[in-house]
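Taking it in order: structure first as structure tokens, then the write-up.
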Amino acid sequence: MKKVIIFGLGSGYNKIIQILDYTKVEVIGHTDNDLKKIEESKLCNVIKPEEICRHSFDYIVVASLFFSEIFTKLVGEGISSDKIVNGVSIYDSYLPVQRLLSREKIDLFVTGMSYAAGIEEELLRVNAVNLAFAGQDLLLDYCLAKQVIHSRIDRLPKFSIIGLAYYQLNYEFIKTRKTNDANVRETRLKAFPGLVSRYYHLSSNYDPQYFNAFYQHQAEEARFCVYHSEIFVSIKDKYTAAKTTIQVKNEKPKMVVNADQRKDLAKKLSSKYYHESVLRNQNILAQYLELLVINDIKPIIVIHPQHPDFVRNFSPLMVNRFINLLDTLRQSYNFQLIDCFESNIVGDDDFKDLHHLSLEGNRKFTQYLNNNINWV
């Protein structure tokens, strides 16, 4: 029985209590930085944050959007980073995958990395599930699409949004840094707990014959890592959550950024070129499109909006390479392309950080997709 302290008594707490397996976990404490929440809580074993170190525990499961701030504070107080888990990220990665196993009607599914994760599934014109996630690469996108088709062969969706970025062909989870340093790989795994848990969820619950490519990827390393991690073993393999028409979403305050920061990020992302990764991802994208087409699912490739400062400093060479690839793929596969990279459908105030839309920006963009997707 693992001893756990839950850090966060707000909306995230309700998520965490749904995923912990209480046959394997004993919650020995609850805490929050908001003293008012501590004082008003009716839970047992409520403690103040400064009292955490007085207790013997195996993990602190953070139930808050402010994971980075809480993580930094706890590590600064001498708590091992290995004992601090981003519970909200794990929950958010599991829930959409669980919906695939339900009898719920799904007309459209979304895959992609952090940009696509912002698409508001509840606001789309048809019943949709958003399977995109921060750090997710094209291989996991493809594996998720295969699972959608396998689990819903008698009720296939009609549409699939493939959220892409111009630099995405150079990105593979873990392998992007091209390192054999086990410590670097482990650090990367810890940086994406929700994504790693999704690898674990796929490999633990689904027939491996449908994921041959999955096991040829560095994702296997992630799967192996989390399979032997005590905290993931302490999380339910299957759970459901109350579904509402519109889920209440919270957002951290917007970052204060300047043009130079966006300039540096754009140049950094567009200057990388990993030949082997590009070749693999080109092949995966072609397989993904073929998978959709042969199952009569309409592919919609979406390039997300970026801030003008980011666009101006992004390499035209990388843009042209990506567009040329799409032109080549279009000769074999019929898909709709919605390229909003340089669009003006969102404004300066619609970005929450250097290159991601805010909640309001994502709602504007989702409405734009509603109006521009060919729903026929």
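We did not get these values from a lab; they are worked out from the coordinates using the rules stated. Note that the coordinates shown come from a computational prediction; the quantities given were computed from them, not determined experimentally. When we count neighbours, we look across all protein chains shown, and the Cβ atoms used for this are built from the backbone with ideal geometry, even at glycine.
Extending 7 Å from Cα along the Cβ direction at Leu156 and again at Arg321 yields two label points whose distance is 3.3 nm. With a Förster radius of 25 Å applied to the beta-carbon distance between Glu50 and Asn258, the computed FRET efficiency rounds to 0.10. Could you tell me which of rounded, prolate or oblate describes the stretch 1-112, using a ≥ b ≥ c as the square roots of the eigenvalues of the alpha-carbon gyration tensor, with rounded for a/c under 1.5 and, failing that, prolate when a/b is larger than b/c and oblate otherwise? Because a/c hits 1.5 or more and a/b exceeds b/c, the stretch 1-112 counts as prolate.
Taking a threshold of 21 Å on the Cα-Cα distance, which of the pairs Lys24/Lys83; Lys36/Lys352; Lys15/Lys42; Lys263/Lys352; Lys158/Lys352; Lys298/Lys352 fall above it? Those over the limit are Lys36/Lys352; Lys158/Lys352; Lys298/Lys352. Among the GluC sites (Glu not before Pro) in the stretch 1-80, those located in a DSSP loop and surrounded by at most 14 other Cβ atoms within 10 Å of their own Cβ are Glu77.
Would the stretch 294-376 count as rounded, prolate or oblate if I go by the C-alpha gyration tensor, calling it rounded below 1.5 in a/c and otherwise prolate when a/b exceeds b/c, oblate otherwise? It comes out oblate by the Cα gyration axes.
Report the local net charge at Lys158: Lys and Arg +1, Asp and Glu -1, summed over other residues whose C-beta lies under 13 Å from its C-beta. Summing Lys and Arg as +1 and Asp and Glu as -1 gives +3.
For the stretch 2-79, the residue among Leu43, Thr31, Leu74 whose Cα projects farthest onto the positive side of the dipole built from Cβ charges is Leu43.
The chymotrypsin sites (Phe, Trp or Tyr not before Pro) found in the stretch 1-85 that occupy coil by DSSP, while having at most 15 further C-beta atoms within 10 Å, are Tyr22. Once you sort the root eigenvalues of the Cα gyration tensor of the stretch 33-79 as a ≥ b ≥ c, which label holds: rounded (a/c under 1.5), prolate (a/b larger than b/c) or oblate (the other case)? Cα axes put the stretch 33-79 in the oblate bin.
So which trypsin sites (Lys or Arg not before Pro) in the stretch 47-147 pass both tests, a DSSP loop state and at most 12 other Cβ atoms within 10 Å of the Cβ? Write out the running numbers ahead of the final one.
Details: sites: Arg54, Lys73, Lys83, Arg99, Arg103, Lys105, Arg125, Lys146; in loops: Arg103, Lys105, Arg125.
Here the trypsin sites (Lys or Arg not before Pro) that fit, given the DSSP loop and packing criteria, are Arg103, Lys105.
Using a Förster distance of 51 Å, how high is the FRET efficiency between Arg125 and Ser80, based on the Cβ-Cβ distance and rounded to 0.05? Efficiency, rounded to the nearest 0.05: 0.60. Distance from the Cα centroid of the stretch 69-88 to that of the stretch 308-353 is 37 Å (rounded to whole angstrom).
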